[in-house]
Each structure stands twice: as C-alpha cells, then as structure tokens.
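Since every read-out is calculated from the coordinates, none of them should be taken as a lab result. Because the structure is a prediction, the values reported are computed rather than measured. Reconstructed Cβ throughout: ideal geometry from the backbone, glycine too, with neighbour counts over all protein chains shown.
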Amino acid sequence: MSRRTCDCPPTLTDTQVLEFCRQGYLLLAGVVPEEINRRAFEYLDTNTHYEPTPILDFDWFQDQVVCNPAAAGAVRSLLGPGFGLPVLMSNHRRQCPHQMTGGWHVDGGSRWGPQLNDLQVFYYPQETPLEMGPTEVVPGSHLVPNTQRAMAHYGRIRGSASTSAPAGSIFITAYRIWHRATAAPGSGIRNMLKYCYWRTAAPARDWVREPDFDLARANFSGPAAGFGEQFHECYSTAEMFCWLAGQHHNYQVTGGQSWPLPAQRNDLPYGFPPALATR
C-alpha cells in the first residue's frame, strides 16, 4: 500500500510564510462547507474512539477537509510539492461542561531546530467558542526548546492565544508549539480532530513570491521575544525562513547589529547572505 500524497498550487506569500515562522500557527476560519461539518460531526457520534482513523477513508472527508483547497494550498507552501497526507486521526472529544484546564505541553516526539518536516493540524467540525474549551497556544513557542516536565506547572502565560473559531475552521501549527486544553463551561459535545501532514520534497522557496519582499530588511521579531535573550527570536525566525527557502547553508549570524536584527539601516545589513538577495 502506498501512502497518499497531495500536490496543488501554493497559496501563501513570502510575507505569510515569514509570519508562520514568527507565530508557529495559521488559522483558516470557516473554510470547510457546513454540509461536510455536519457529516463529520454525525460520524464522530457513531465512532467515539479517540482515534477515529477510518474517517480518512471517506472521499468527502479527504476532498473537503484533508485536501481542503485553502488548507492544502497553505500546507503546500510550507511543506513543498507532493506532501504526504495523514495516516492517523485523533479526536480530542470532550463532554462539556468541563472545568479542568490541561497542562501546557509539547506533543511527544517534538524536536527543535529550523526544520519544518511536518505540520500538525486541528479541525473543528462545529462552532467552538471559548465556552466549548478550544485549545490554547503560545505564539512563537515553537522556537523555544523545552520539555513537558519543565512547563506543565505553568498557569496563565502572557500572550497566549485561543483557537476559538467558527465551524469548519482548520488550524495549522508547527508540531512543537506549546499548547493546552482550556476549561469548557458550556454544554454539549466538542470534537477536535488532530492530524499531521508530511514533507516529501526538499525545501525550496517556491511559494507565492512577492516582488517587493525584501529579506534583507524584513522584520523577524515576533512573540518569542519574551522567552529568552534579546533578539534571539530574530535569529530563530530568520533561520527557519532560510531553511524553508532551501538556503539554510547560506544562513549566518555575525553578531552585533548585523542581520537579522530589526533596524532602520541606510545600506545592506552586515551578515546578510548575498545569495538570498536573488533567491
């Protein structure tokens, strides 16, 4: 049996790819048709297992959720052509109300570095307001190495973001982003399907190119700035972007006021790899 793959045109621009590198997630609100949301919700009422993987075998689910045009275009932009489709489905199904808040964690098998070889995705088949306990994430945390035993005791983290979203929303994340379950004072069933896509091709800057995008003067600062030494989030964000562009071998940090630190310079910044100016 061969694994299924998908190829489609990329839809993210240089700016949007850089934003994903900074934030570690992308929310596509309400992109799945209501009829598909209803069918998915009904199926999950009949298969309440925490791994309802057979849903992947339905054409309607493959076409409208797994290969949803908005989601697939974004995944293609980040993972390249012929990306691998999920072979496992998980469901974080909860009966609300549920007052317990989960501990902060990164999912098992997380590894840190600039590489982006897979994406973890969440799909809400029904409207999921704050009362239904949507997952909470820490933007930029995919750039910060940590272990679950060193973070589970944290409470509220400044700058965290809720994934509260309308029905049919797809939430694309870097696998190693910090996240947790939230309390759900509402009533009813909340389903949240979770699955992964995989890279099969070498990274290359073949997403939607912006003629005016200037990598030498781009702003690499982001929400991870509050987690460590000053400007180190710029280094990590720039390195991730360069890796995705297939130019990691040209990435360098020369220190001081050099690229990729944010500044209003009057010339090309020192440390900027010349090869990236034409890529």
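Things to note:
- When every Cα-Cα distance of the chain is counted in 5 angstrom steps from zero, the calculated P(r) takes the values 1, 6, 12, 16, 18, 16, 13, 9, 5, 3, 1, 0, 0 percent.
- In the chain, a dipole from Cβ-located charges (positive for Lys and Arg, negative for Asp and Glu) runs towards its positive end, and of Gly271, Pro145, Pro54 it is Pro145 whose Cα lies farthest in that direction.
- Burial ordering of Cys96, Cys242, fewest other beta-carbon atoms within 10 Å first: Cys96, Cys242
- One chain, two ends: Cys67 and Asn219. Fully extended at 0.36 nm per residue, the span grows by 51.6 nm beyond their Cα-Cα distance.
- Quarter of Cα convex hull surface for the range 223-278, i.e. mean projection, nm²: 4.3
- Restricting the range 180-220 to trypsin sites (Lys or Arg not before Pro) that sit in a DSSP loop and have at most 13 other Cβ atoms within 10 Å of their own Cβ leaves Arg209.
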